[in-house]
Amino acid sequence: MDDIKKEIDDLKMQEEAEEIRLNIENIENSEAEYLLELETPISEPLRIKLDKIKDQKKKGNELYKAKFITNTSIKTLHEKFGCLESGEKTETDVIYSIAGRIMAFRKHGKATFAVLKDFSGQIQLYLNIKNVGDEKYYDFLNLDIGDTVGVKGSVFKTHTGELSINVRDYELLSKSIRILPEKWHGLKDKEIRYRQRYLDFIVNPSVKEVFVTRIKMIEAFRKFLTSKGFLEVETPMLQSIPGGAAAKPFITHHNALNMELYLRIAPELYLKRLIIGGFEKVFEINRNFRNEGISYKHNPEFTMLEFYQAFADYNDLIALTEELLKYVAKEASGKLKFNYRDNDIDFEGSWDKITMIDSIKKFTGLNVDFDKSIYELRNMADKSNLKIDKSFGKGKIINEFFDNFVQPKLIKPTFIKDYPVEISPLARKSPKNPNLTERFELFMGGEEIANAFSELIDPKDQFERFKFQVKSKDEEERITGKIDVDFLKALEYGMPPTGGEGIGIDRLAMIITECSSIRDVVLFPLMRQEKNI
């Protein structure tokens, strides 16, 4: 009986082994089938490429290596040897090792030229059959544009003045199956550019520079603020009550606690808790989420800088903001003058400062202020073709005049001061006029870039403002006006006079990189889901 059982087990093992062998064979010969699962039909150039891959596998060539050691970058080679004369060579015994993606081929019999691109730039490769041998030379000819290779060789400049690598050896590091977009026509379809950002970087080098500038901006923000004594902190992204702004939040559910949570719309109320706790200067470069529309200046997920300074008011922040943004622009781009959406914006000189009510009078000639009755303001709005909700008080009506007739005209950097209490639930009231708050917004290129105010630190006043929001007919105000009892409790322990500010990094990046859409400065903007292929 035991012998029969052993024989059955052996047969089962043989069957399993054969099944595994067939599966491996099918995998090795099914590149086309694999791609057919992703898209149909497969183009003829892609089929040719797949045949090449099969040939490489039959030869036992490894298509995806684990590592390659470089000793320089292409940018460094250009900086070091760009001064060579045409036809001049470096020492042939000094070998440089670089790696990158093949972007072009020019084949000339027993010599071939190619263009290699790494993160820092691109350089020409020169392969001669004498230097690498017959087998490696013809294997190189079977490589494709898009393949990643590591090369070793000496540096020289061709007679036409092209800095080049005389390749002594190379190896394929990663095989590109897909075909890159045509080089000279580039990748112009915006839908594809945003959805497949990696392709955008490969074929449009200028796009990468936009994000390098953005990265430098964020580095400059950190450098400036830490030099002024600010500490960088982190606050929760999941919040039980969404606060700090009027916006529609994203809602999620925590299973273990069985409670609804919100992705934060702003970190403000948590940063204020830190000021109450004894931190005098804090900042956070944070991701915020608002479940609202998408446009050239709105993305549901966006980046903000928020900072708070104890014992300061909004006038202190005006001076700090102007100094900060001039520093960031210069550090990130090397200049202070930009062209944004066909408007010239100059960061140099002293920036304009004007109250909201005065700005309306300046740009429209209308005296829109709190001395007018609500009926007079509604009548003025009606004559100006403004749609005013019945629930709007004086403050919201005044703000409608500003939003429609003033903001689009604020091209050069301008601080708009003293906003109505009705639209500023977290700002300190002005001692000069109880209808206004010590709040400013910074505009440039017709866009809001920053929002700041002397913080409201009176817990009773804050409670009344929250109650007013909860009663609002506006859904966003009701949601974000939920009474945060814990925050009110914190205020009751005493918050020092404080100035707080938020700066939209994405919008500022649009201006400094001279991009017309927020999608051009966000690495992976939110897109409508593709249909299943």
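Listing Met103, Met527 from fewest to most neighbouring C-beta atoms within 10 Å gives Met527, Met103. The packing ranking of peptides 79-86, 304-311, highest mean first, is 304-311, 79-86, where packing means the average number of other beta carbon atoms within 10 angstrom of each residue.
Relative contact order, percent, of the range 371-508 when contacts are C-alpha pairs under 8 Å separated by at least 6 residues?
Relative contact order comes out at 18 percent.
Contact order for the chain, expressed relative to its length and based on alpha carbon pairs under 8 Å spaced 6+ residues apart, stands at 12 percent. Against the chain, whose longest principal axis is taken from its Cα atoms, helix 394-405 shows a tilt of about 50°.
Counting beta carbons within 10 Å around each of Glu348, Glu280, Glu438 and listing the fewest first gives the order Glu348, Glu280, Glu438. Compared with the dominant Cα axis of the chain, that is its longest principal axis, helix 44-58 is turned about 60°. The mean sequence distance of close C-alpha pairs (under 8 Å, at least 6 residues apart), as a share of the length of the range 36-180, puts its relative contact order at 28 percent. Charged side chains reduced to their Cβ positions (Lys and Arg at +1, Asp and Glu at -1) give the chain a dipole of some 1400 debye around its Cα centre.
Under 5 Å from the amide H of Thr437 lie the amide H atoms of Tyr419, Val421, Ser430, each residue being 5 or more positions distant or on a separate chain, with H modelled from the backbone and absent for Pro and chain starts.
Only DSSP H runs of four or more residues enter the estimate; each adds -39500 (n - 2.57), and after division by the residues of the chain the mean residue ellipticity at 222 nm equals -11500 deg cm²/dmol. Here the calculated FRET efficiency for Lys396 and Lys353, from their Cβ-Cβ distance with R0 = 25 Å, stands at 0.60, rounded to the nearest 0.05. For the range 417-432, the Karplus equation 6.51 cos²θ - 1.76 cosθ + 1.60, evaluated at θ = phi - 60°, returns couplings of 10, 6, 8, x, 4, 4, 10, 9, x, 10, 9, 6, 5, 6, x, 7 Hz by residue, with Gly and Pro reported as x.
Separation of the alpha carbons by more than 25 angstrom is noted, of Lys228/Lys482; Lys297/Lys429; Lys223/Lys272, for Lys228/Lys482; Lys297/Lys429. Residue by residue, the range 315-327 carries 3J(HN,Hα) couplings of 5, 4, 6, 4, 5, 5, 5, 4, 5, 4, 6, 5, 5 Hz when phi is fed to the Karplus relation 6.51 cos²θ - 1.76 cosθ + 1.60 (θ = phi - 60°); x denotes Gly or Pro. Between Phe68 and Ser227, full extension at 0.36 nm per residue minus the direct alpha carbon distance yields a gain of 53.3 nm.
When we measure straight from the Cα of Lys49, which lysines land under 20 angstrom away, once same-chain ones fewer than 8 places off are left out? Result set, ordered by chain and number: Lys57, Lys58, Lys59, Lys65, Lys107, Lys136, Lys175, Lys183. Computed from backbone phi, the HN-Hα couplings of the range 328-343 come to 4, 4, 5, 5, 7, 10, x, 8, 10, 10, 9, 10, 10, 6, 6, 10 Hz, rounded to whole numbers (Karplus: 6.51 cos²θ - 1.76 cosθ + 1.60, θ = phi - 60°; Gly and Pro given as x). Axis of helix 2-28 versus longest Cα principal axis of the chain: the two differ by about 70°, to the nearest ten degrees.
Throughout, read-outs are computed from the coordinates displayed, never taken from laboratory work. Owing to the predicted nature of the structure, the values given are computational and were not obtained by experimental measurement. Every residue, glycine among them, receives a Cβ derived from its backbone with ideal geometry; neighbour counts consider all protein chains shown.
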